[in-house]
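Novice: Next up is a structure, given as structure tokens.
The values are calculated or read from the model by the stated rules, or taken from the named source; none is laboratory data. Since we're looking at a predicted model, the values are computed, not measured. Note that each Cβ is placed from the backbone with ideal geometry, even for glycine, and that neighbours are counted across all protein chains shown.
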Amino acid sequence: MDAASSQWLQLALQGVSIGSIYGLVALGLVLGYKATEVLNFAHGDVLMLSAFLGWWLIAALGWNYWLAVPAVVLAVAAFSWLLEARVMRRIAGQPQFAGVLLTIGLGFMIRGAVSMVFGPESRGYPTPWTDQSTHIAGAVIADVNLVIVAAALLTTAGLFAFLSRTSAGVAIQAAAQNQLAAYLCGVPVKRLTSFVWAVCGGVAALCGLLLAPISLVDLGLWFVMLKALAALVLGGFGSVPGAIVGGVLIGLLEQFSGVYLPDGFKDIVPYLVLVAVLVVFPRGLLPEAHGRRV
């Protein structure tokens, strides 16, 4: 394989890797929105908090990586459950903008607390695949990128199987479509909503732990949510498959524009795509189907 083809392959694999993170973050936003009809703007800050907790356990306390990862995921899932059960539930029935403002406020609080406890400095921590790479058809791919793709595929497949093959997953889908009807049918809507927030928190924690080795542990990690929003709009707002597809497309566009377009375009491409999609395809590439049986 010639140099140009190897570069294309390397950029494509890196784009799919970082796009998988965007897709998982967007997936968490979709699940939370379906459960509460509120877009959780604190989702990116929860991701950032997870990265700092991972650094604290691994680098500061010396925990084994494979022990620290599930500990952080479970801790952040419990934290997200408490946020919904003790904070978000108090504004149930209020206009949507109340929930949006509340999640924005929660995000600022989480960011400020992390800055006070851990400090604003960027940092990193070792992983089992640090400084390791794999040669694929002449392209050199960091092992962390392959791990991210594998983790994203497994997480997405697991969530899909849970939502479609289990009674709890079917109940969550029913509550997402019509909370009142689900409640009248005996579905414990409040408990399911808290559970969905816990799942979203766990997914955000996993994204933070996967992203930290690439971009370092930094307060600016919450910006990933803005790119996830672009992925969400590109794929189709409210569409679970669209969130994943949109994330991968945004990741690919970022990587290729960083090499083949002038400096600075890599950072603005997701938002240019966001505006273009809203103008040309307002419902996204894979819009959620809306229908009614009569």
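Novice: Among (1) within 20 Å of M116 (Cα to Cα); (2) buried (at least 22 other Cβ atoms within 10 Å of the Cβ), where does A59 come up short?
Specialist: (2)
Novice: Another question, then. Look through G251, G238, G208, G246 and report the one residue that is buried (at least 18 other Cβ atoms within 10 Å of the Cβ) and outside any helix (DSSP H, G or I).
Specialist: G238
Novice: OK, next. Among (1) surrounded by 23 or more Cβ atoms within 10 Å (Cβ to Cβ); (2) under 15 Å from the mean Cα position of the chain (by Cα), which single condition is T156 missing?
Specialist: Exception for T156: condition (1).
Novice: Still on this structure, please answer the following. Does segment 228-247 hold any residues that are more than 18 Å from P282 (Cβ to Cβ) and in contact with a Phe, Trp or Tyr (Cβ under 8 Å, 6 or more places away or on another chain), and which are they?
Specialist: If the condition is that a residue be more than 18 Å from P282 (Cβ to Cβ) and in contact with a Phe, Trp or Tyr (Cβ under 8 Å, 6 or more places away or on another chain), then A228, V240, G247 are the ones that fit.
Quick grid of which residues meet (1) closer than 30 Å to L61 by Cβ; (2) modelled with pLDDT under 95:
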residue	(1), (2)
I91	no, yes
L106	yes, no
P120	yes, yes
P126	yes, yes
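Novice: Oh, and also: Which of (1) outside any helix (DSSP H, G or I); (2) of a type in the set (V, I, T); (3) touching a residue at least 60 places away in the same chain (Cβ under 8 Å) is the odd one out, the single condition I110 does not satisfy?
Specialist: (1)
Novice: To continue, here is another question. Of the residues in segment 1-47, how many are part of a loop (DSSP other than H, G, I, E, B) and either under 22 Å from I172 (Cβ atoms) or not charged (D, E, K, R) (or both)?
Specialist: 7
Novice: Here's a follow-up. Taking A78, is it in contact (Cβ under 8 Å) with a residue 24 or more places away in the chain, more than 29 Å from P128 (Cβ to Cβ) and assigned to a helix (DSSP H, G or I)?
Specialist: no
Novice: Being over 25 Å from W56 (Cβ atoms) and without any contact (Cβ under 8 Å) to a residue 60 or more places away in the chain is the filter here; which residues of segment 128-149 pass it?
Specialist: S133, T134, H135
Novice: Output the number of the condition that V69 fails; it satisfies all remaining conditions of (1) at pLDDT below 95; (2) closer than 30 Å to A139 by Cβ; (3) surrounded by fewer than 22 Cβ atoms within 10 Å (Cβ to Cβ).
Specialist: Condition not satisfied by V69: (1).
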